[in-house]
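As structure tokens, the structure follows; a few thoughts come after it.
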Amino acid sequence: MSAPLYQLKAEFFKTLGHPVRIRVLELLSEREHAVSEMLPEVGVEPAHLSQQLAVLRRANLVITRREGSAVYYSLTNPQVAELMRVARSILSGVLAGQAELLADLRAAAPEGQPPT
């Protein structure tokens with residue numbers, strides 16, 4: 001018997017649950033990148049980037065191609081880029097709501113006292 005869809009979705013989101021993997025997917029949402037191009041953008045050691053790229057490959061979110069000694073990565077599906085855009089939009093809305101709440105708390109705090 002196959003796993004329920006909600007379980008597969010949970011596994012998918014677990015795969016996305018690492019900052020380096022998210023940053024890689026954001027970069028690849030723009031265009032194909034060589035590993036050497038991603039290293040300074042991601043800011044981790046080469047071995048760590050390699051591990052995270054392997055996780056994304058196993059999840060079939062990225063594919064590779066070799067050109068000489070360079071390895072290039074790209075997204076397997078343009079919908080991954082759309083997912084990154086949707087996540088950014090959702091977070092922008094959440095953060096805007098939190099900023100409004102903070103502003104309301106500050107406005108309601110007595111003079112000279114920080115909000116609690």
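The values are calculated or read from the model by the stated rules, or taken from the named source; none is laboratory data. Keep in mind that what you see is a predicted model, and the values were worked out from it rather than measured. So basically every Cβ, Gly included, is an ideal-geometry build from the backbone, and we count neighbours across all protein chains shown. Accessible surface is based on the protein model in full, side chains and every heavy atom, while ligands, DNA and RNA are left aside. Shrake-Rupley method; radii C 1.70, N 1.55, O 1.52, S 1.80 Å.
Some observations on this one:
- Close Cβ contacts (under 9 Å, 6 or more residues apart or on different chains) running from residues in region 94-105 that are in contact (Cβ under 8 Å) with a residue 12 or more places away in the chain to residues that are part of a helix (DSSP H, G or I) are absent.
- Of the residues making up region 11-41, just one is more than 10 Å from the chain's Cα centre (by Cα), small (Gly, Ala, Ser) and open to solvent by 50 Å² or more (accessible area, probe 1.4 Å), namely 36.
- Inspection of region 22-44 finds a residue satisfying the criterion of being modelled with pLDDT of 95 or more and in a strand (DSSP E or B).
- Within region 51-82, being in a helix (DSSP H, G or I) and either exposed (fewer than 11 other Cβ atoms within 10 Å of the Cβ) or of a type in the set (Asp, Glu) (or both) holds for 58, 78, 79, 82.
- Reported count of residues in region 85-100, each being of a type in the set (Val, Ile, Thr) and either within 17 Å of residue 26 (Cβ to Cβ) or open to solvent by less than 60 Å² (accessible area, probe 1.4 Å) (or both), is 2.
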